[in-house]
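Here is the structure we will look at.
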Amino acid sequence: MANQFSEVTKSRPKIDGKGLVTGRPAYTDDLAPPDALVVRILRSPHAHAKILSIDPSEALKLPGVECVLTYQDVERIPYTRAGQGNPEPSPHDKFILDRYVRYVGDEVAVVAAVDEETARQALALVKVEYQVLPAVLDFETAADNPTVIHPEPEIHDMFPIGFEPKRNIAAAYDMEIGNVEGVLQECDFVVEETYYTQAQAHVALEPHTAFTYLDLQGRLNVVTSTQNPFHTRRLMGLALHLPLKNIRVQKPRIGGGFGGKQVVHVEPYAALVTLKTGKPAKVVMTRKEVFESTFTRHQMRLTVRIGARRDGKIRAIDMQVLSNTGAYGEHALTVFMVGGSKTLPLYNKIEAAKFGGKIVYTNKIPAGAFRGYGAIQGNFALESAIDELAHKMGMDPVELRTINMIKEGETSEVFKIMGEGGEGVEMIVESCKLDYCVRRGAELLGYNPRRLAYEVAPGIVRAQGMAIAMQGSGIPLIDMGSANLELQDDGFFKLHIGATDLGTGSDTILAQIAAEELGVGLEDMVVYASDTDHTPYDVGAYASSTTYVSGNAVLKAAQEMKKALRHAVADKYGLDPERVVFKDREFLTDEGKKLVSLRDFSYDTLYHNGAKMKTIATSGSYSGEKSPPPYLAAFVEIDVDTETGKIDVRNYVAVVDCGTPINTNLAKIQVEGGLLQGIGMALYEDVRYSENGHMLTNSLMSYTIPSREDVGKLTVEFAESYEPSGPFGAKSVGEIGIDTPLAAIANALYNATGARVRELPLTPPRVLDAIRRVKDR
Amino acid sequence: MNITVTINGQKRTLEIEYGDMLTEVLRKAGYVEVKKGCDTGNCGVCTVLLDGTPIPSCSFLALRADGREITTIRGVEKEAAQFADFLTAEGADQCGFCSPGFAITVLAMKRELGNPDEATMKHYLAGNLCRCSGYEGQLRAVKKYLEVSHGESI
């Protein structure tokens, strides 16, 4: 397969890589004007309170303070910060500044000063009097709690999402296929268990940053570390009551996102100051602010029931979920639905399925998009429960999965029923090498169902576990990406894309796609991306969409370019365009006679062709009619210290079907990076709070992410797979890596100790406690 | 107050406040290759060499740098570019935000330890966190770089 391509599948270095590694100015704060006002945000010290008064007078007396802005200075417009399609499936329940604060870290006032130190001092001088209100901190008692977090009348949903703010419910959803209760009653084996997943912090190493200025035409320019420039423009227009034509959003290089920058967190606050003062302004979050005042992963409680026949056929699955969206409802419904829509189709031969529950408000940090986006939570519950079922039935968990899992050419009713906040689309799975992934993963780890655990030293048990996963490739009929291509003199191409490279290398792989189709090299492409003034529309980087959605748009633009070039050359030489062949940077007749080189023609069309001179430019847009899932089979080997409860991951094997990897190295790093984030969540990452709702894990000292010493080995391989609807056979690869570690490690822990831990993370005290309970039985 | 420091071979006098941390002072002076990540000395994106030793500059008082020599990644541009070739060949640069701090630590490790074994390597570099790559690609790059460039010094 790989040999048929000249650019695609090749591990080209990222086009921006060398500049980044050698420290060229690249990120938002590197590029901010030196005279930008420093904007700091005063944040709530209370989980829930009403602001009785704000007195900025002392702060304003401090030399160098430019302005202090409060809710009294801002038009009261409810909006959502979630970077999603229009209309957003998230409720409009947030105000840029409000009289109420709903979690510790919520915005109270904005201070702008000439430098960091002055801004910091001014923050301390703003006097705020609060009426502290009772707070809802436990998500299991949030629904119908006497304390209502959003009593304000202006907030609303954009279409029905089960929004009931008076009951602290941000969204709700229920679906059923067939008759789950009936089928479960007929099953020989039924497992019913409840699982808990915790809030995880993204910890992109670049803190959220934005700067704003007015250009010569008085338009608001926003340079920001965003995953979705076009959504950011639209949401800022709404929140600031500005026509979109008066806003330009640019994304320079950004230091990681993982969903944490699929949102408008800092931009409006810099903009407020620029609009008020006419001066450039910047917001650079501190790490503490990133932890306390951006988003986390949704905490969830998932109750799973699975029923199977004696021969191993799984007949029904029910998942009932409670999700904690924190103080605001960004991504509340959609993350929740992905918990089912990107797990249930793994077992597509079931006769009945049910999925439903509520997403509740609490007075905690809002939850939002985070790589995996519900699928990781659903995967932990479902893939743990599948192992529990296998053990109950006395079957090898691999065999149980192999009998029941989805195969190429099949479908699932869930695809049609569950989509992005509403219905989905019907889809036949045209590429699925999950069976190969499972076989190869087992082989790579040396999986042995008869010897899943053994003692390697006194008290140290070595064990294996596994899980499978799926994700999507963009949101069908909602996500759209576009690309413009233009031939330049000297024979190279400008590729302008709205797509947003978060560091994944998407600028590079999209250029590889264009180069492949044009039969030129990556070095012939100049890429410019993510600028609402100068690049075409794209939803941005989320939902595993860039390779598939934006990639298909680039492919279309390149196909059009080939056609346009042939026509232009035909016109010049008085030939039928069908008779012109474009190959190896040269134009030939169909008889093989050389007409002109691409380079010479590029000069001709711009300088020499008289009245026929023209810019040769093409566009492509793509909106998927389907969302082909990538698949992954994971096998892990861990050591469990039964004296301390500590788990060491020795080797994590992942075999991935992402279709054609456009850039094999970059695809591999996507998976490896996802695996480690998943392993971090499985073992110790956990956003924790004090009793009054203060975040305890608000620095990298108290919130640990994996270091390079924490994991033995990650082993990643790709299956040979080709997705007919994808660009050169590609599907997505950005999220799939994160999904399996929770369940695979928990399953290995069970195999090691007989202790089934259904609450994450698998910290030593929790593991030890579970081991002791098994011993006491 | 003022401090006088040699940055990338150039003597500079910089105005600082008593409590300023070195990262902020360097960024303000135009050395934006020194990134600001965690503010607590944990992530390593702010790593610079102080008299040849890697330190997290976000947790180092600028005052204490007075009279000393600071090297950022731009001060070892040639070696950084060589290492960048290996890192980008693995695709392990990713978002790149941790790369300058990581790269300068790799160069310091090479000078200090030559071509150490994997465990030593991981331990030396453990203070440089990366949230994108899962570290495997970085490890592949460092190993190949040290094999090829072993013997040369920065």
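Derivation of every value follows stated rules applied to the coordinates shown; laboratory data play no part. Remember, predicted model here, so these are calculated numbers, not experimental data. When we count neighbours, we look across all protein chains shown, and the Cβ atoms used for this are built from the backbone with ideal geometry, even at glycine.
For this structure, a couple of remarks:
- Residue exposure sequence - B:E69, B:E79, A:E410 - by fewest surrounding Cβ within 10 Å: A:E410, B:E69, B:E79
- Per-peptide average of other Cβ atoms within 10 Å, ordering A:50-59, A:332-341, A:420-429 highest first: A:332-341, A:420-429, A:50-59
- Here the range A:558-636 is treated as a sphere whose radius is the Kirkwood value from Cα pairs; by Stokes-Einstein at 25 °C and 0.890 mPa s it diffuses with a coefficient of 165 µm²/s.
- Amide H contacts under 5 Å for A:H48, placed H, 5+ residues apart: A:L133
- Calculated over the range A:661-715, the projected area of the Cα convex hull averaged across directions stands at 5.1 nm².
- Residue (of A:P345, A:A170, A:Y373) at the positive-pole extreme of the protein assembly as shown, dipole from beta-carbon charges: A:Y373
- The separation of the range A:539-565 from the range A:589-645, counted between C-alpha centres, amounts to 7 Å.
- Whole-number D in µm² s⁻¹ for chain B, Kirkwood Cα-pair radius fed into Stokes-Einstein, 4 °C, 1.567 mPa s: 83
- Shielding by partners - mean other protein chain Cβ count within 10 Å, residues of B:81-88: 5
- Evaluating 6.51 cos²θ - 1.76 cosθ + 1.60 at θ = phi - 60° for every residue in the range A:544-549, the Karplus couplings come out as 6, 9, 5, 4, 7, 6 Hz, glycine and proline recorded as x.
- Three principal axis extents of the range B:77-149 based on alpha-carbon atoms, in descending order, are 28, 25, 17 Å.
- Rounded to the nearest 10 degrees, the angle from helix B:77-89 to the longest Cα principal axis of chain B is 40 degrees.
- P(r) tail for the protein assembly as shown: Cα pairs beyond 56 Å make up 10% of the total.
- Listed by chain and number, the lysines placed with their C-alpha closer than 30 angstrom to that of A:K279 are A:K61, A:K94, A:K127, A:K245, A:K251, A:K261, A:K288, B:K28, B:K35, B:K36; residues fewer than eight positions away on the same chain are left out.
- In Hz, Karplus ³J(HN,Hα) per residue of the range A:258-270 (6.51, -1.76, 1.60; θ = phi - 60°; x = Gly, Pro): 6, x, x, 10, 8, 5, 9, 9, 10, 4, x, 6, 5
- Helix-only CD estimate at 222 nm, as mean residue ellipticity for chain A, using -39500 (n - 2.57) per DSSP H run (n ≥ 4): -8000 deg cm²/dmol
- Ranking A:P630, A:T704, A:L595 by Cα position along the charge dipole of the range A:567-715, where only Lys, Arg, Asp and Glu carry charges on their C-beta atoms, puts A:L595 farthest toward the positive end.
- Expected-Rg normalisation [2.2 N^0.38 Å, Cα atoms] applied to the range B:2-74: 0.95
- The range B:2-74, dipole about Cα centre (Lys/Arg Cβ +1, Asp/Glu Cβ -1), debye to the nearest 20: 200
- Built amide H within the under 5 Å cut-off of A:V716, gap 5+: A:A654
- Residues whose amide H lies under 5 Å from that of A:G419, counting only those 5 or more places away or on a different chain, are A:G424; hydrogens are built 1.01 Å from N in the peptide plane.
- Evaluated with a Cβ-only charge set (Lys, Arg +1; Asp, Glu -1), the range B:77-149 carries a dipole of roughly 100 debye about its Cα centre, given to the nearest 20.
- Note, ³J(HN,Hα) from phi for the range B:126-135, Karplus 6.51, -1.76, 1.60, rounded to Hz, x at Gly and Pro: 4, x, 9, 7, 9, 9, 8, 8, x, 6
- Across the range B:2-74, C-alpha contacts under 8 Å between residues 6 or more apart give a mean separation that, scaled by the residue count, equals a relative contact order of 39 percent.
- Distance from the alpha carbon centroid of the range A:701-777 to that of the range A:352-417 works out to 14 angstrom.
- Partner chain coverage, peptide A:700-707 - average Cβ within 10 angstrom: 5
- Length-normalised contact order of the range B:77-149 in % [C-alpha pairs under 8 Å, at least 6 apart]: 51
- Shape analysis of the range A:458-591 based on the Cα gyration tensor places the equivalent ellipsoid semi-axes at 39, 18, 14 Å, largest first.
- Taken residue by residue and averaged, Cβ atoms of other chains lying within 10 Å of the Cβ of B:67-74 number 1.
- Compactness of the range A:607-708, expressed as Rg and Dmax over alpha-carbon positions, Å: 23.9, 84
- Mean Cβ count within 10 Å, highest first, over the residues of peptides A:718-731, A:738-751: A:738-751, A:718-731
- Scoring A:612-624, A:567-579, A:549-561 by mean Cβ neighbours within 10 Å over their residues and listing the highest first yields A:549-561, A:612-624, A:567-579.
- Working from Cα pairs under 8 Å separated by at least six residues, relative contact order for chain A is 15 percent.
- Residues A:Y447, B:Y145, sorted so that the one with the fewest Cβ neighbours within 10 Å comes first: A:Y447, B:Y145
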